[in-house]
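Structure record follows, encoded as structure tokens.
The values are calculated or read from the model by the stated rules, or taken from the named source; none is laboratory data. The shown structure was predicted, so the numbers you read here are calculated from the model rather than taken from an experiment. Note that we place each Cβ from the backbone using ideal geometry, even for glycine, and neighbour counts take in every protein chain shown. With ligands, DNA and RNA removed, areas are computed over all heavy atoms of the protein, side chains included. Shrake-Rupley method; radii C 1.70, N 1.55, O 1.52, S 1.80 Å.
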Amino acid sequence: MKLATLRLPNDRGTTAVRVDDDAYVEIGAADVGELLAMPDWREVVDAADGPRHSLDAELAQLVERPGKVVCVGLNYRTHILEMGRDLPEHPTLFSKFADALVGPTDDIVRPAETEEFDWEAELAVVIGSAVRRARGAEAEAAIAGFTVLNDVTARDWQFRTREWLQGKNWDSTTPIGPVLVTPDELPGGVRPDLAISLTVDDEVMQKDSTADLLFDPVALVEYVSTMIRLNPGDVIATGTPGGVGHARKPARYLTGGETVVTEIEGIGRLVNRVVREDA
């Protein structure tokens, strides 16, 4: 199944929808995060017969207020090598705050304080059940589905210190969506093998396969849930492939006015305009 969060017209908020071939069908929750908090959410989705909306309707960010967004750095072999690092023994983790997220067609806001604003196409895992110290089948079952995320980063702030948090959490910089696709819909299931790409003004910057992940989605659920409970609606961003602007020679960054398209086969695309913010 495919799920999304729709923006209702006339500022009437949002609603979770099932994505059918010809329409978005309301499910009865405000967003996909609220839907996933229902223990029987799969049955609720299957039975949904609410108001229908055109597929041209505007989508909001998939999960409006995730409790946690856990991000993984250095998780594609190509990206690890281009950044001049050794393959890590354990996942490199950092957190992203919900205020950084925007919808699949919303503007990416380039803050005035950075001169090194960079892109990162990522496959994101969305959690569908609460788990702690999950292993094997339990970790697999906790994955509600997958979506697309662009972890836009202020590199000059990221590398001010050894900790990356301050480069990763600028307001309204991280598009997510457009839809959640359940594992049964994707080649590879909970370990999907999908083409992932990113373009800036139609120029290909990143192109790879999610099969190149060093730590796959199930391994990440196992690892993260060892230290903290994962809850429905939480997001794990699995890392980015090679081709980021910071690693190019010369380096290349987003300055404002560009259109960035982040796409994963079988899931969909984010189409976002970069706009400059006045300090």
### Query
Which residues' amide hydrogens lie under 5 Å from the amide hydrogen of Arg276, considering only partners 5 or more residues apart or on another chain, with H built in the peptide plane?
Arg110, Gly257
### Summary
Result for the chain: accessible area per residue, probe 1.4 angstrom, in square angstrom, of 43 Å²
### Backbone HN-Hα couplings from phi across the range 170-180 [Karplus 6.51/-1.76/1.60, Hz, Gly and Pro as x]
6, 4, 6, 10, 10, x, 9, x, x, 9, 9
### Query
What residues qualify as long-range amide H neighbours of Asp193, i.e. H under 5 Å apart, gap of 5 or more or another chain, H built at 1.01 Å from N?
Gly188
#### Entry: Rounded to the nearest 20 debye, dipole of the range 1-141 from Cβ charges on Lys, Arg, Asp, Glu
560 debye
### Query
Mean separation of Cα pairs under 8 Å and 6+ residues apart, divided by the residue count of the chain: what relative contact order is that in percent?
24 percent
### Task
On the full set of protein chains, 1.4 Å probe, figure out the accessible area of Tyr223 and give it in Å² to the nearest 10.
90 Å²
### 5 Å binning of all Cα-Cα separations within the range 8-138, expressed as whole percents from 0 upward
2, 8, 13, 17, 17, 15, 12, 9, 6, 2, 0
#### Entry: Max mean-square fluctuation residue, GNM over the chain, Cα-Cα springs under 10 Å, options Gly233, Gly188, Gly73
Gly188
### Summary
PRE zone check, label point 7 Å out along Cα-to-Cβ of Glu58, amide N under 12 Å, scope the range 7-40, hits 7-14
### Message
Which one, Met205, Pro175, Trp157, is farthest towards the positive end of the dipole of the range 152-279 when Lys and Arg carry +1 and Asp and Glu -1 on their Cβ?
### Response
Trp157
### Task
Using only protein heavy atoms and a 1.4 Å probe, report how much of Leu165 is accessible, in Å² to the nearest 10.
80 Å²
### Query
Given a 1.4 Å probe and every protein chain left where it sits, what share in percent of the accessible area of the range 1-111 is carbon and sulfur?
46 percent
### Query
Hey, which lysines would be in cross-link range of Lys96, C-alpha to C-alpha under 21 Å, not counting anything within fewer than 8 residues on its own chain?
Lys68, Lys168
#### Entry: Whole-Hz ³J(HN,Hα) from phi, Karplus 6.51 cos²θ - 1.76 cosθ + 1.60, for the range 262-274, glycine and proline x
10, 9, 10, 3, x, 10, x, 9, 9, 10, 10, 8, 8
### Query
Using the eigenvalues of the Cα gyration tensor, what equivalent ellipsoid semi-axes result for the chain when each is taken as the square root of five times the eigenvalue, whole Å, largest first?
28, 23, 16
### Task
Please report the Cα spread of the range 125-279 along all three principal axes, rounded to whole Å, starting with the longest.
45, 33, 27
### Query
For the range 1-71, what does the alpha-carbon gyration tensor say about shape, rounded, prolate or oblate, given a ≥ b ≥ c as the root eigenvalues, a/c under 1.5 as rounded, and a/b over b/c as prolate?
oblate
#### Entry: Cα-centre dipole for the chain with unit charges at Cβ (Lys and Arg positive, Asp and Glu negative), debye to 20
820 debye
### Message
Taking the Cα centre as origin and putting +1 on Lys and Arg beta-carbons and -1 on Asp and Glu beta-carbons, what dipole magnitude results for the range 87-152, to the nearest 20 debye?
### Response
560 debye
### Query
If the cut-off is a Cα-Cα distance under 21 Å, which lysines reach Lys207, setting aside same-chain residues fewer than 8 apart in sequence?
Lys249
### Query
Ignoring any ligand, DNA or RNA, what whole percent of the accessible area of the range 137-279 comes from carbon and sulfur when the probe is 1.4 angstrom?
49 percent
### Query
Taking only DSSP H segments of four or more residues, each worth -39500 (n - 2.57), what value at 222 nm results for the chain once the sum is divided by all its residues, to the nearest 500 deg cm²/dmol?
-3500 deg cm²/dmol
